[in-house]
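The values are calculated or read from the model by the stated rules, or taken from the named source; none is laboratory data. In this text the structure is predicted, and so the values were computed from the model without any measurement. Every residue, glycine among them, receives a Cβ derived from its backbone with ideal geometry; neighbour counts consider all protein chains shown.
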Amino acid sequence: MYIHKVLPRSRFCSFDLASITAGPGCMHSFVSRTHLPTLACASMQAQEEVKIEQVSPEQLEPEGLERQWRLVQEKRPLIHCITNFVSMDLMANVLLAAGASPAMVHSLDEIEDFMKLASGLLINMGTLSSDWLASKKLAAKQAVALGKPWVLDPVACGATPVRTRACLDLLSCHPTVIRGNGSEIINLAEAAGCASTQEAAQQRACSGVDSTATSDDALSQAKLLAAQHKCIVAVSGKVDFVTDGVQVVAVHNGVPMLTLVTAAGCSVTALIAAFVAASPHQALLATAHALAAFGVAAEASCSGAPAGPGSLRVGLLDELYRGVSSGACLGAHLQLL
């Protein structure tokens, strides 16, 4: 998917550390209450190791995406999102449109209690401060303790030493899925000691959150990172790759204009969290399906030649809302490599 340069998301706020503690209080604990009363609370389940089923080519057919998407709509997973200010609006609306429920809860004081309600967790590293980092670590540890899936978006990993260390701290909390652009995945893999320094040096540079590496460049490091940390790694680019360290699924959906929509990459990571929360024992397949769902919705929104990224943003939400009823799943192109 064309979100490897997604970085308008941080051009506006990811590195604006001065604004973090001054943000509007209502944004720290925004909860979509649309689905909250219907949620089944599985807060006291013992932690279980996520078992990834072997993916078959048949599961990657459009019918497989349709089944997975319907499951998300039926379960309506509540996704606890700790993300940057600029992405909150689009991320919440993407989750709602696709059939999930968003909660933007950042306060350290309520993290433990809220994770008991949530179906899954999304941690986006775009906004950093000591308080937010503490909330992210606590939420990740709580998700693991409760046996709930969580997804890490290592925004601009490698841009600064502080940011890289923060990403490594979260990596040690055992994410279910990591989703980043080529440079982010290469930098995280190298920092974690599971990529060749000589190999990574050619691609490690990044410009803020803009990737200077393609998804193809990062595939080998993604496989190493997934294998060493026993998680799923997704690399966004012209072609998205999803791997558990052995299997690799390529997703050939998306449009170039997504790179001009602020927080597109942040939002697709949240969608991954929703799909994985609906199918926690099929994290590889669910991650690939989430990327495909986002991609086919973007393609459908461009079928009438949108005037620009503003039209694409609105159309994307409309197509995610129409979802399986629109027949967009027929355009899904997933490939087992």
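Limited to segment 27-75, what total is found for residues that are at pLDDT 50 or above, part of a loop (DSSP other than H, G, I, E, B) and within 21 Å of residue 324 (Cα to Cα)? Here the count works out to 1.
Scanning segment 275-290 for residues that are of a type in the set (Ser, Thr, Tyr) and under 13 Å from the mean Cα position of the chain (by Cα) yields one hit, 287.
Residue pairs whose Cβ atoms lie under 7 Å apart, sitting 6 or more positions apart in sequence or on different chains, and linking a residue in segment 263-278 that is under 11 Å from residue 120 (Cα atoms) to a partner that is assigned to a loop (DSSP other than H, G, I, E, B) and of a type in the set (S, T, N, Q), are 276/176; 277/119.
Within segment 291-336, the residues that satisfy the criterion of being aliphatic (A, V, I, L, M) and over 22 Å from the mean Cα position of the chain (by Cα) are 305, 307, 330. Among the residues of segment 128-150, the ones that are in contact with a strand residue (DSSP E or B) (Cβ under 9 Å, 6 or more places away or on another chain) and at pLDDT below 95 come to 1 in all.
When the criteria are applied in full, residue 260 fails the requirement of being in contact with a Pro (Cβ under 7 Å, 6 or more places away or on another chain) and at pLDDT 95 or above. Residues of segment 238-286 that are on the phi > 0 side of the Ramachandran plot and surrounded by fewer than 24 Cβ atoms within 10 Å (Cβ to Cβ): 245 alone. Residue by residue through segment 240-262, note down the ones that are among the polar types (S, T, N, Q) and farther than 16 Å from residue 284 by Cα. Across segment 240-262, the qualifying residues are 253, 259, 262. Based on what the data block shows, is residue 185 touching a strand residue (DSSP E or B) at 6+ places or on another chain (Cβ under 6 Å), not aromatic (Phe, Trp, Tyr) and not in a strand (DSSP E or B)? Judged against the criteria, residue 185 is a match. In segment 211-253, the qualifying residues are those that are of a type in the set (Val, Ile, Thr) and within 22 Å of residue 173 (Cβ to Cβ), and the one that is farthest from the chain's Cα centre (by Cα) is 243.
Every residue, every condition in (1) surrounded by 15 or more Cβ atoms within 10 Å (Cβ to Cβ); (2) without any contact (Cβ under 8 Å) to a residue 24 or more places away in the chain; (3) touching a strand residue (DSSP E or B) at 6+ places or on another chain (Cβ under 6 Å), yes or no:
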site: 292; (1), (2), (3): yes, no, yes
site: 299; (1), (2), (3): yes, no, no
site: 308; (1), (2), (3): no, no, no
site: 313; (1), (2), (3): yes, no, no
site: 317; (1), (2), (3): yes, no, no
site: 326; (1), (2), (3): yes, no, no
site: 334; (1), (2), (3): yes, no, yes
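Considering only helices (runs of 4 or more DSSP H) fully contained in segment 76-170, which possess at least 3 residues that are under 14 Å from the mean Cα position of the chain (by Cα) and surrounded by 22 or more Cβ atoms within 10 Å (Cβ to Cβ)? Break it down into steps so the answer makes sense when it comes.
Details: elements: 88-98, 111-117, 130-145.
Result: 88-98.
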